[in-house]
Amino acid sequence: MSTVWHHLGLLLLAQALLALGTAAIRFQDVLSQEQTSAATSYRKIQGWSSDQNEWNENLYPFWKEGDPRWKDCWKGGRVRAKLVTDSPALVGSNVTFVVTLQFPKCQREDNDGNIIYERNCTQDPPALQDQYVYNWTKWIDNCGWGNCTGNHSHNVFPDGRPFPHHADWRRRNFVYLFHTFGQYYEKKGRFSTIISLNTANITLGKHVMEVSIYRRGHSTYVPIARASSIYVVTDKIPLFVNMSQKNDRNISDSIFIKDSPITFDVKIHDPSHYLNNSVISYKWDFGDGSGLFVASGSITPHTYTLQGNFTLNLTVQAIIPVPCKPVTPTAALPTSAVTIEPSSNPDSSFAVETTEDNPDEGCHIYRYGYYRTDISVVEGILEVNIIQMTNIQMTESQAENPLVDFVVTCQGSLPTDVCTVVSDPTCRVSRSVVCDPIVTDKCHLTVRRAFDEPGTYCVNITLGDDTSQALASALISVNGGPSSRTTEGVFIFLGLLAVFVVIVAVVLYKRYKQYKPIERSPGQAENQEGHSTYFSHFKTIFFSKSNEKDPLLKSKPGIV
């Protein structure tokens with residue numbers, strides 16, 4: 001009988017242990033938004049742990065979506081988390097993730113890591129005496145780095161690992177738990193944190209990065225937000241081509257002008273600088289029959305001399321140095337390089353990788369990137385010239401402002417509109433802009449523009465059509481209009497008036513000398529005559545008749 005009870009006890013104990021093991025929560029159960037029934041084998045990511053590890057639910061409670069406790073997990077409203085990535089990433093490079101917490105309105109994190117109210121955020125400040133939303137500095141002082149109240153360790157991650165003891169550990173009051181590819185990564189931080197993930201062991205394609213954020217609490221860490229983001233790992237070099245052309249009116253419509261060089265600028269997306277030490281070459285096929293062109297630089301110009309539609313193809317090759325693999329004792333192999341030609345289809349999904357082992361130069365791999373687009377080439381305005389500028393003399397009744405005629409010529413197609421921009425002499429501050437549609441059968445026209453006042457101006461004249469526009473500039477000095485001529489007339493009148501006043505004064509002076517002679521004694525007359533003769537001789541020497549300045553006095557010689 002005792003044997004039966006013994007076996008029954010063992011069976012119950014085994015069932016209890018099995019139930020306990022089944023009830024244990026794993027990281028996968030908490031962090032993964034898509035629950036899976038069985039574990040999947042993944043290649044190990046350096047520094048990350050398997051999501052099959054157990055989760056400490058006592059210290060880090062787990063709430064499912066829709067749990068009413070989410071509404072009260074933060075004072076003042078819900079916290080949102082924004083997760084962004086610099087994907088796509090070339091396999092072997094690093095992909096970076098940045099998560100930022102967005103607090104309710106009028107809340108922010110201060111320099112000590114506490115969450116406080118912004119007093120000047122709204123016209124009606126919060127009706128609270130305490131400025132703190134969460135005063136974690138006070139909590140930490142009561143708890144310290146060691147054990148908190150009740151001998152319960154507060155400084156560990158959900159898997160039991162202790163927090164790293166950073167110098168600013170008091171300011172890091174959030175726990176970030178990242179999850180991807182069947183593995184997780186734990187990190188403490190402030191309201192924003194960043195991580196980088198090496199993609200060497202990650203399968204090509206789209207993947208999901210998830211993050212769960214917990215805040216410090218009195219006895220536990222409280223979940224406050226979740227976020228996820230899709231990232232891409234590819235074996236093709238991510239790239240894009242910027243195309244620009246002088247006089248092109250719309251750079252985004254893929255329509256360009258004939259006989260004008262187009263600049264092709266290749267932008268390789270490599271935020272982790274994985275290709276910094278690589279040898280990169282660019283093979284161009286412009287689609288106009290000009291043949292293949294291989295360049296070592298990312299910027300290449302090309303001029304289309306024919307109109308029509310063309311298909312542009314670009315292949316970028318990167319030779320990436322990598323550590324050589326250790327030699328294994330196997331049968332002798334040929335020393336020649338193993339070469340895999342890249343696929344001609346840019347959408348090919350298999351990994352294009354060429355490995356080459358050179359004892360002198362080390363080992364390296366090849367990666368390729370592709371770009372293809374269709375462009376159209378049409379006639380356009382190539383050049384504009386201002387060949388003549390003329391001030392128009394107008395009467396006061398005809399115009400109030402000075403007018404200038406600009407004679408403009410252009411090369412290429414005929415324009416459909418003209419715009420004039422008048423600026424200050426430095427060509428920096430615009431004063432007026434005038435645009436008009438035009439209809440012309442030749443590229444030779446006169447543009448008349450009015451100016452507010454005389455002065456020096458910088459004038460830009462632009463001729464354009466549907467696809468192109470060209471500019472010509474000139475510095476012009478504008479003469480005065482009717483207002484300046486009126487001013488000139490006023491000065492002439494004042495000058496004539498001054499002459500009239502002088503004539504009147506001379507006539508009056510003559511009359512005064514004629515009718516009121518000066519009486520003098522015989523001795524005085526003789527003395528005065530001697531002095532007059534002396535000064536007359538002196539005047540003759542220095543002021544001859546040929547030097548007479550006033551023509552009005554020529555008819556009356558001899559008057560001093």
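Points worth noting:
- Distance between the 7 Å Cα→Cβ label points at ILE25 and LEU471: 6.3 nm.
- Fraction of accessible area attributable to carbon and sulfur, the stretch 387-458 (%, probe 1.4 Å): 50 percent
- The heavy atoms of THR456 offer some 70 square angstrom of accessible surface to a 1.4 angstrom probe.
- Measuring with a 1.4 angstrom probe and ignoring ligands and nucleic acids, HIS218 comes out at about 140 Å² accessible.
- Ranked by the mean number of other Cβ atoms within 10 Å of their residues, highest first, the peptides 443-454, 186-197 fall in the order 186-197, 443-454.
- The residues of the stretch 216-255 expose, per residue, 44 Å² of accessible area to a 1.4 Å probe.
- Cross-link table LYS187/LYS325; LYS44/LYS325; LYS187/LYS236; LYS44/LYS236, entries beyond 29 Å C-alpha to C-alpha: LYS187/LYS325; LYS187/LYS236
- Highest-first packing order for the peptide set 254-261, 172-179 is 172-179, 254-261, based on the mean count of other beta carbon atoms within 10 Å.
- Spin-label proximity, VAL407 to the stretch 368-384 - amide N less than 17 Å from point 7 Å beyond Cα toward beta carbon: 384
- Rounded to whole numbers, the Karplus 3J(HN,Hα) couplings from phi for the stretch 99-108 are 10, 10, 8, 10, 7, x, 4, 6, 10, 7 Hz, using 6.51 cos²θ - 1.76 cosθ + 1.60 with θ = phi - 60°, and x at Gly and Pro.
- Heavy atoms of LYS44: accessible area, 1.4 Å probe, square angstrom to 10: 120 Å²
- Largest first, the residues MET389, MET209, MET243 sort by 1.4 Å accessible area into MET389, MET243, MET209.
- Built amide H within the under 5 Å cut-off of PHE256, gap 5+: SER376, VAL377, VAL378
- Potential lengthening between ASP374 and ALA295 on full extension [0.36 nm per residue; Cα-Cα distance subtracted]: 26.4 nm
- ARG226, ARG216, ranked by accessible area, largest first (probe 1.4 Å): ARG226, ARG216
- Distances between placed amide hydrogens fall under 5 Å for THR440 paired with no residue 5 or more residues away or on another chain.
- Applying 1/(1 + (r/R0)^6) with R0 = 51 Å to the Cβ-Cβ distance of ASP159 and CYS324 gives a FRET efficiency near 0.90.
- Taking amide H positions as modeled 1.01 Å from N, with prolines and chain starts lacking one, the residues under 5 Å from SER432 and 5 or more places away or on another chain are VAL422.
- Förster radius 41 Å - calculated FRET efficiency between THR446 and ILE230 (Cβ-Cβ, nearest 0.05): 0.10
- Simple label model, 7 Å out from Cα along Cβ direction - TRP70 to GLN102, nm: 1.6 nm
The values are calculated or read from the model by the stated rules, or taken from the named source; none is laboratory data. Treat the numbers as computed from the prediction; the structure is a model and nothing was measured. Here the Cβ is made from the backbone with ideal geometry for all residues, glycine too, and neighbour counts use every protein chain on show. Keep in mind that these areas ignore ligands, DNA and RNA; they rest on the heavy atoms of the full protein, side chains included. Shrake-Rupley method; radii C 1.70, N 1.55, O 1.52, S 1.80 Å.
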